[in-house]
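The values are calculated or read from the model by the stated rules, or taken from the named source; none is laboratory data. Worth saying up front: this structure is predicted, and the values here are computed from it rather than measured. Here the Cβ is made from the backbone with ideal geometry for all residues, glycine too, and neighbour counts use every protein chain on show. Side chains included, ligands, DNA and RNA excluded: accessible areas come from the protein's heavy atoms. Shrake-Rupley method; radii C 1.70, N 1.55, O 1.52, S 1.80 Å.
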Amino acid sequence: MSSVTSRITLAATLAEQIDGHPELVATVLPRLVAMLDGEDDPDVLCEVITGLGFAWDERAVLAVLDGVALGHPDSDVRLAVAQALPSGAETAQTLARVFDALIVLSRDAEGEVRNWACYGLGQLEADTAAVRDALVERLTDDHPDARCEALVALARTGDPRVLPALRDRLLDDPDVVLRLELVAAAELADPALLPDLERLRRRWAGDDDEFATALRFAMARCHPDAAARAAEVEHALLGRLGVLCADHRVTLGIHVAYPGSFLVATGDFQLPPATPWARIWPDREPATYPLEQEAQAFHLTLRQEATAP
């Protein structure tokens, strides 16, 4: 049997080959998957799992789910799993398994594992009752990154339980408010947060750093007129897309209210609902929405979907 050092070197080499090179997935992925079989060295496992995460392929996700125990005794292995699982799941069945696995890892004894599990749930925009309940558990986590990732992920779902937890944090000493807590405020976009954000604005008057930028964005998203302005923008967006898509048989619509609105399309495009790309308001605020730019971007994606094999 090859030495641990040689297996680590091989896994790292394969991971480097596959990272950013989808054309090599068909060749490299089977070799990485085979390396999981019977492997018990934590350092080797971490390298293999990392490489599988680089594949962005559902087969790699399934290999991790089937080949590595979520309760592995080595915390670095569990961390590698939490980091790899969000990368490549496509089918609803596999996504459901990933959600369940990340929920388990969000309760891990190691804070950094909990952090990455919550981050993964947020990146996947997971929104089930079980996911939301798991994220609520982390709102008082003593690991600040895990707590913040849970705040952001839960705010993205619009769950009302995030509001009191977020207000508690924003009302704390302004010098200990974290940037991700401002990101969570922007994701929730609830006008009830505006007085707390205004208090921070007064305390940070004259600052011009990443915190001040995040604060301005959160305040714009939480403005009492933001939802009404968003509805106007969405109406105009549908109108412009109707013109751009005139050559296709397609029915366009917008589901859910601001800030969770997303574009849906049926007909020639047959798009699945609630895909992350279809969100209208990520990193945008209604008062300055670049309508033509976003309409063109949506149209390009629709055309690509229409012509995909």
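Details
- Simple point charges give the picture: +1 on the Cβ of Lys and Arg, -1 on the Cβ of Asp and Glu, and for the chain a dipole about the Cα centre of about 960 debye.
- In Hz, Karplus ³J(HN,Hα) per residue of region 237-249 (6.51, -1.76, 1.60; θ = phi - 60°; x = Gly, Pro): 5, 4, x, 5, 5, x, 5, 5, 9, 4, 7, 10, 8
- Across all Cα atoms of the chain, the radius of gyration (one decimal) and Dmax (whole number) stand at 21.7, 67 Å.
- Integer Hz, Karplus 6.51/-1.76/1.60 couplings in order for region 251-268, x for Gly and Pro: 10, 9, x, 10, 10, 6, 8, 3, x, x, 4, 9, 7, 10, 9, 10, x, 4
- Comparing 34, 155, 60 in a Gaussian network model of the chain (Cα springs below 10 Å), the most mobile by mean-square fluctuation is 34.
- Unit charges on C-beta of K, R, D, E only; dipole of region 44-154, Debye: 160 debye
- Highest GNM mean-square fluctuation among 170, 291, 79, for the chain modelled with Cα contacts below 10 Å: 291.
- Positive-end extreme of charge dipole, region 206-264 - chosen from 245, 256, 213 (charges on Cβ): 245
- Segment residue 209-residue 72, extension gain: residue separation times 0.36 nm, minus the distance between their alpha carbons: 45.2 nm
- Each helix, a run of at least 4 DSSP H residues, gives -39500 (n - 2.57); summed and divided by the residues of the chain, these come to -19000 deg cm²/dmol at 222 nm.
- Euclidean distance of C-alpha centroids, region 165-241 and region 62-83, integer Å: 36 Å
- Accessible area per residue for the chain is 49 Å², calculated with a 1.4 Å probe on protein heavy atoms, without ligands, DNA or RNA.
- Most positive-pole-ward Cα, 8, 180, 42, against dipole of the chain from beta carbon charges: 180
- Under a model in which nothing but the beta-carbon of Lys, Arg (+1) and Asp, Glu (-1) is charged, region 164-285 shows a dipole of about 320 debye around its Cα centre.
- Principal-axis tilt of helix 144-157 within the chain, Cα atoms, nearest 10 degrees: 60 degrees
- Accessible surface of the chain, 1.4 Å probe: 53 percent of it comes from carbon and sulfur atoms.
- Charge dipole of region 87-144 about the Cα centre (unit charges at C-beta), most positive-ward option of 130, 92, 143: 92
- Per-residue extension of 0.36 nm, minus the Cα-Cα distance of residue 31 and residue 232, leaves a gain of 67.1 nm for this segment.
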